[in-house]
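Take a look at the structure below.
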Amino acid sequence: MNYRNILNKGTSILRKNSILTSCIDAELLLSMSINKSREKILLNLEEEINSYEERKYFELINRRKKKEPFSLISGKKFFWKYEFNVNKSVLTPRGETELLVEEILKIYRSSNNINVLDIGLGSGCILISILKEKKNWKGTGIDISSLALKTAKTNAKIQQIKNRIKFINSDIDKFSGKKYDLIVSNPPYINKFGYNNLDISVKDYEPKKALYGGIDGLKIIEKIIKKSKCILKNSGLLAMEIGKGQHYAVSDLLKNNGFFILNTIKDLQKIKRCLIAKKIK
């Protein structure tokens, strides 16, 4: 079977299973299977594929048709300027979370020697991206999942900043670190209704602990705010991603715990996606 025929077959299988990106996914999965660039494949569509490569290809197609995210099949996801290892133990980095990184870098444009804490480290994409841009900063990342921390350590090593991050396996309730200049977090904020209605590409393949924020979606957010009040330096900042429709509730929690809202950042859909707050008391 040549590249043209196998791509047509793979695309057809994905399309029948309602994969919207069936064509490009089929091409990228073939690229993974035969270890050749997508461009080289498309320029040599009459080239034949051997039986081992064909079998490997359809194994990947079968995973994708079941709605397994492409990033988990490849084990890679691009975030900010860097490629991160991802797996089922961590939340796959999303484009909207880059807003958090962008805003922090704006606020601290000329600041050196900042000590930052990432609550719910996951793959490490937020903290690592910030530290790559800020060579004099140091960070601490905490996560309740030891498997997530293992992934974050691998990513930090690949990006050559592992010596600038302290990794701690801890629940937010039990964590008692020193005072930080900045705390960042992309917490689990999906409520019960939202979680029960998630697409299977998310619900079946990403960790519930990284998604589900309790009945109203605010359980972990409230814990983070209360903990941040204790471990942030005076005038320190808390930068946090939030879910759709949570802006007012989270703002009230922040104000009631001694924070002043500095900025609200909207995503491309005009959803209030991130909050930046200063500890004032």
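The values are calculated or read from the model by the stated rules, or taken from the named source; none is laboratory data. All values reported here derive from a predicted model rather than from experimental measurement. Positions of Cβ are backbone-derived with ideal geometry, glycine not excepted, and every protein chain shown enters the neighbour counts.
Quick check on segment 256-267: of everything there that is in contact with a Leu (Cβ under 9 Å, 6 or more places away or on another chain) and not β-branched (Val, Ile, Thr), which residue is nearest to CYS230 (Cα to Cα)?
Selected residue: PHE259.
From ASN263, ASN186, ASN257, grab the single residue that is in the same structural domain as SER111 (by TED's automatic domain parsing), closer than 27 Å to THR151 by Cβ and surrounded by 14 or more Cβ atoms within 10 Å (Cβ to Cβ).
ASN186
If you go through segment 106-120 one residue at a time, how many are surrounded by fewer than 23 Cβ atoms within 10 Å (Cβ to Cβ) and closer than 17 Å to LYS278 by Cβ?
7
Does segment 138-154 contain at least one residue that is touching a strand residue (DSSP E or B) at 6+ places or on another chain (Cβ under 7 Å), assigned to a strand (DSSP E or B) and surrounded by fewer than 19 Cβ atoms within 10 Å (Cβ to Cβ)?
Scanning segment 138-154 turns up at least one residue that is touching a strand residue (DSSP E or B) at 6+ places or on another chain (Cβ under 7 Å), assigned to a strand (DSSP E or B) and surrounded by fewer than 19 Cβ atoms within 10 Å (Cβ to Cβ).
Return only the number of the condition from (1) in contact with a Cys (Cβ under 9 Å, 6 or more places away or on another chain); (2) in a helix (DSSP H, G or I) that PRO93 does not satisfy.
(2)
Taking the condition over 15 Å from the mean Cα position of the chain (by Cα), closer than 30 Å to LEU262 by Cβ and β-branched (Val, Ile, Thr), does ILE128 pass?
Considered against the rule, which asks whether it is over 15 Å from the mean Cα position of the chain (by Cα), closer than 30 Å to LEU262 by Cβ and β-branched (Val, Ile, Thr), ILE128 comes out as no.
Applying the selection to segment 96-123, what residues are outside any helix (DSSP H, G or I), free of Cβ contacts under 8 Å to residues at least 60 places away in the same chain, in contact with a strand residue (DSSP E or B) (Cβ under 7 Å, 6 or more places away or on another chain) and not polar (S, T, N, Q)?
LEU121
With the structure loaded, tell me whether ILE61 is surrounded by 15 or more Cβ atoms within 10 Å (Cβ to Cβ), among the β-branched types (Val, Ile, Thr) and not assigned by TED's automatic domain parsing to the domain that holds LEU91 or whether it fails that test.
For ILE61, the condition - surrounded by 15 or more Cβ atoms within 10 Å (Cβ to Cβ), among the β-branched types (Val, Ile, Thr) and not assigned by TED's automatic domain parsing to the domain that holds LEU91 - is met.
TRP80 versus (1) surrounded by 14 or more Cβ atoms within 10 Å (Cβ to Cβ); (2) more than 23 Å from LEU127 (Cα to Cα): which is the lone unmet condition?
Against the list (1) surrounded by 14 or more Cβ atoms within 10 Å (Cβ to Cβ); (2) more than 23 Å from LEU127 (Cα to Cα), TRP80 comes up short only on (2).
Taking the residues in segment 204-238 that are touching a Pro at 6+ places or on another chain (Cβ under 9 Å) and farther than 19 Å from ARG94 by Cα as candidates, determine which candidate is surrounded by the most Cβ atoms within 10 Å (Cβ to Cβ).
Within segment 204-238, the match that is surrounded by the most Cβ atoms within 10 Å (Cβ to Cβ) is ILE220.
Can you pull out the helices (runs of 4 or more DSSP H) entirely within segment 188-281 that have at least 1 residues that are within 18 Å of the chain's Cα centre (by Cα) and of a type outside the set (S, T, N, Q)?
In segment 188-281, the matching helices (runs of 4 or more DSSP H) lie at 192-196, 200-203, 219-231.
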